[in-house]
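Each value in this text was obtained by applying a stated rule to the coordinates, not by laboratory testing. These numbers come from a predicted model, not from an experiment. For neighbour counting, all protein chains shown are included, and Cβ atoms are generated from backbone atoms with ideal geometry for every residue, glycine included.
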Ligand SMILES: [Zn+2]
């Protein structure tokens, strides 16, 4: 996971256009998400691709030729998986700019609609009369109340991630921080294919170190030999 600064981009106007507004209002009446892929506008896709450098928000896998999912940080649908403790839908945030991330198929399907929190759950009734254009950047306010366990790369600093995430010699990603641990588990960040990719990088580093060590040993031998002479 890498820290992402979304503040340099204004919310895309396509998220609050006529079509989205209509869909938003329909969802509000039905109290669930019924709008297909309407959040997936070309504008949103282009900005997220640039912002995330075509990498998954959670596992950082490169998405050059693979499907790129526009992921809802707070789920638009109700959770169906047993690994989540809660079943909540944030359908009213389906077209909110700060609720949209870029994710790979595996993280997207593993996370599903899981969104467990440590604070107080916000309900639709708390935000009922707020128009769509005022729901584009509410994440800081919502996170303060809900204290979500899932880490959002747009809400953490690079220092926090460097300090709290590390890899072991088996290619697993680890943390002692409970929010990162939840994110690792819920997005399945220690799945086989990610471990294999990390091991390739780890082996390259190992080889480089071994080669450098060999040079050092050689120098030492030369010096020792000279001394002996
Ligand atoms: Zn991923």
| Going by how many other Cβ atoms sit within 10 Å of their own, how do 58, 24, 95 line up, fewest first? | 24, 58, 95
| query | What shape does the chain take by its C-alpha gyration tensor, where a ≥ b ≥ c are the square roots of the eigenvalues and a/c under 1.5 counts as rounded, a/b above b/c as prolate, and the rest as oblate? | reply | prolate
| task | With a ≥ b ≥ c taken as the square roots of the eigenvalues of the C-alpha gyration tensor of segment 1-134, please select rounded if a/c is under 1.5 and otherwise prolate if a/b is larger than b/c or oblate if it is not? | result | oblate
| note | Least to most buried among 17, 5, by other C-beta atoms within 10 Å and fewest first, runs 5, 17
| said: What FRET efficiency comes out for residue 164 versus residue 191 if R0 is 25 angstrom and r is the Cβ-Cβ distance? Round to the nearest 0.05. | reply: 0.75
| task | Work out how much length residue 54 to residue 145 would gain on full extension: take 0.36 nm times their residue separation and subtract the Cα-Cα distance, in nm to one decimal. | result | 29.7 nm
| field | Ordering of 192-203, 100-111 by burial proxy (mean other Cβ atoms within 10 Å per residue, highest first) | value | 100-111, 192-203
| Taking Cα centroids, how far is segment 113-138 from segment 1-59 in Å? | 15 Å
| query | Mean residue ellipticity at 222 nm from the helices of the chain, using -39,500 (n - 2.57) per DSSP H segment of n ≥ 4 over the full residue count, to the nearest 500 deg cm²/dmol? | reply | -13000 deg cm²/dmol
| Which whole-number percent gives the relative contact order of the chain, counting Cα pairs below 8 Å spaced six or more residues apart? | 19 percent
| task | Kindly identify segment 75-211 as rounded, prolate or oblate by the Cα gyration tensor criterion: order the square roots of the eigenvalues as a ≥ b ≥ c, call it rounded if a/c is under 1.5, otherwise compare a/b with b/c, prolate if a/b is larger, else oblate. | result | prolate
